[in-house]
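Student: Sharing a structure with you now.
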Ligand SMILES: [Zn+2]
């Protein structure tokens, strides 16, 4: 699991090799499954030149400037000062909040006011890590979808702008939070700067939250708002600790993508179906993770996503979980190897060990690669049709063929549909077969042996998230 081949380049030679290996792979697979060879092997999507050009605009220098500015606020602890005097002095969480807002405003000015810059502000009552009632403010920018029939669909990227040192109640001591989570905040900002120059049918939200270190308070409030207001939030990308800490054992060629297996919000009925059909690895969040892997291969973001089939790091948590709890698909990006001397620590040197989350340990090129992977995912999904609805696998009669039905992708962007499948033991989708602009497909493959999904594709090759069918008897 520790060593992965570097990203492949999209050369003609590669394509030729890919086609040859696709054929070999398909026959090897079909031999294993005892079914005739059908479909194409699935590896990459079609490159959209506009998205590729936008990714080239992502700048390690701009990201560095953002993280340096965030560190300059001294501490961004959620319960640190945020009164006008503190904001004016440039110290504390309030000053950070105002700066983030001014950055979004600046990007919006550059695109003729294309971003709606907003805050989600609320009072958190005292909790274990919040000694007195405290105002918490999430800052976000909305790039509204250009197509009224698709603008309701939302893709979201987030990072937390609050920080902490060794003591979660130290409101004055430095808590630079360069990596945790200046890096993730910078990813949201840089995605906003670059993607706001493009237009997408669906809506993208660039979010920065506070309160993460006090108990996921900001993301929890935001996710509940999205749920209460009935948002069609289709994917949440949480970036937390994506600075590529320069410790000796760091692997700068990969980034981890964590995704829940059994959804936090699964109902009893969902759980029965998951147990009965082997659906433990097919949550919406996991489909987002697989989509990220495919997009990473398509656009060669400079860093390879490594899918970790687990909600988060062992016994630890983050803001994506707030969204999972409300039933949304959400994943977490984190550097490959964290250095715990550089997280949640007062800045100091002890026995020759440097502690503290300072700028010197952040690799800005790495953060830029992670930002490219995020931007490519957001752009691909925002350009794509809505996923097909009501996807069913017909199970009335016992037969070795498999028939899937679905409702057309809402919003009118789809020109064809693709059935994906993989062996039950495979981590990623392996094969795809296109079926034109139809709502039913029969494959010479047994539903007993593989897991299916259906996705919608538009004329330019943009692919929706895949939807795993439910049985229809
Ligand atoms: Zn964090």
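The values are calculated or read from the model by the stated rules, or taken from the named source; none is laboratory data. Keep in mind it's a predicted model, so treat the numbers as computed, not measured. All Cβ positions, glycine included, derive from the backbone under ideal geometry; neighbour counts span all protein chains shown.
Student: Just to be sure before I move on: is residue 151 touching a strand residue (DSSP E or B) at 6+ places or on another chain (Cβ under 7 Å) and crowded, with 24+ Cβ neighbours inside 10 Å in the structure I sent? Spell out the reasoning first.
Tutor: Values: touching a strand residue (DSSP E or B) at 6+ places or on another chain (Cβ under 7 Å): yes; crowded, with 24+ Cβ neighbours inside 10 Å: no.
No, not satisfied.
Student: Further question: In the range 435-462, what residues are part of a strand (DSSP E or B), in contact (Cβ under 8 Å) with a residue 60 or more places away in the chain and closer than 17 Å to residue 387 by Cβ? First the steps, then the outcome.
Tutor: Keep residues of the range 435-462 that are part of a strand (DSSP E or B), which gives 440-443, 450-457.
So of that shortlist, the ones also in contact (Cβ under 8 Å) with a residue 60 or more places away in the chain come out as 443, 450-451, 453-457.
If the condition is that a residue be part of a strand (DSSP E or B), in contact (Cβ under 8 Å) with a residue 60 or more places away in the chain and closer than 17 Å to residue 387 by Cβ, then 451, 453, 454, 455, 456, 457 are the ones that fit.
Condition check ((1) under 18 Å from the mean Cα position of the chain (by Cα); (2) closer than 21 Å to residue 92 by Cβ; (3) buried (at least 23 other Cβ atoms within 10 Å of the Cβ)) across all residues:
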position: 206; (1), (2), (3): yes, no, yes
position: 210; (1), (2), (3): no, yes, yes
position: 215; (1), (2), (3): no, yes, no
position: 219; (1), (2), (3): yes, yes, yes
position: 224; (1), (2), (3): no, no, no
position: 230; (1), (2), (3): no, no, no
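Student: Same structure, new question: Given 420, 465, 404, which one is in a loop (DSSP other than H, G, I, E, B), surrounded by 16 or more Cβ atoms within 10 Å (Cβ to Cβ) and touching a residue at least 12 places away in the same chain (Cβ under 8 Å)? Before you say what the answer is, go through the steps one by one.
Tutor: Working: 420 fails: in a loop (DSSP other than H, G, I, E, B); 404 fails: in a loop (DSSP other than H, G, I, E, B).
465 is the lone residue from the list that is in a loop (DSSP other than H, G, I, E, B), surrounded by 16 or more Cβ atoms within 10 Å (Cβ to Cβ) and touching a residue at least 12 places away in the same chain (Cβ under 8 Å).
Student: Could I ask something else about it? Would a scan of the range 263-275 turn up a residue that is under 18 Å from the mean Cα position of the chain (by Cα) and either over 24 Å from residue 338 (Cβ atoms) or modelled with pLDDT of 95 or more (or both)?
Tutor: Kept after step one, since they are under 18 Å from the mean Cα position of the chain (by Cα), are these residues of the range 263-275: 263-264.
Among the residues that remain, those that are also either over 24 Å from residue 338 (Cβ atoms) or modelled with pLDDT of 95 or more (or both) are: 263-264.
Yes, because at least one residue in the range 263-275 is under 18 Å from the mean Cα position of the chain (by Cα) and either over 24 Å from residue 338 (Cβ atoms) or modelled with pLDDT of 95 or more (or both).
Student: Identify, by number, the condition in (1) more than 15 Å from the chain's Cα centre (by Cα); (2) more than 14 Å from residue 322 (Cβ to Cβ) that residue 259 doesn't meet.
Tutor: (1)
Student: Residues that are in contact (Cβ under 8 Å) with a residue 40 or more places away in the chain and touching a helix residue (DSSP H, G or I) at 6+ places or on another chain (Cβ under 9 Å): which strands (runs of 3 or more DSSP E) entirely in the range 296-350 hold 1 or more of them?
Tutor: Values: elements: 304-308, 330-335, 348-350.
In the range 296-350, 304-308, 330-335 are the strands (runs of 3 or more DSSP E) which contain 1 or more residues that are in contact (Cβ under 8 Å) with a residue 40 or more places away in the chain and touching a helix residue (DSSP H, G or I) at 6+ places or on another chain (Cβ under 9 Å).
Student: Separate question: For a quick check of your reading of the model, give me the residue pairs whose first member lies in the range 149-163 and is farther than 18 Å from residue 288 by Cβ, whose second is part of a strand (DSSP E or B) and away from the ligand (no atom under 15 Å from the Cβ), with beta-carbon atoms closer than 6 Å and at least 6 apart or on different chains.
Tutor: Qualifying pairs under 6 Å: 151/203; 152/232.
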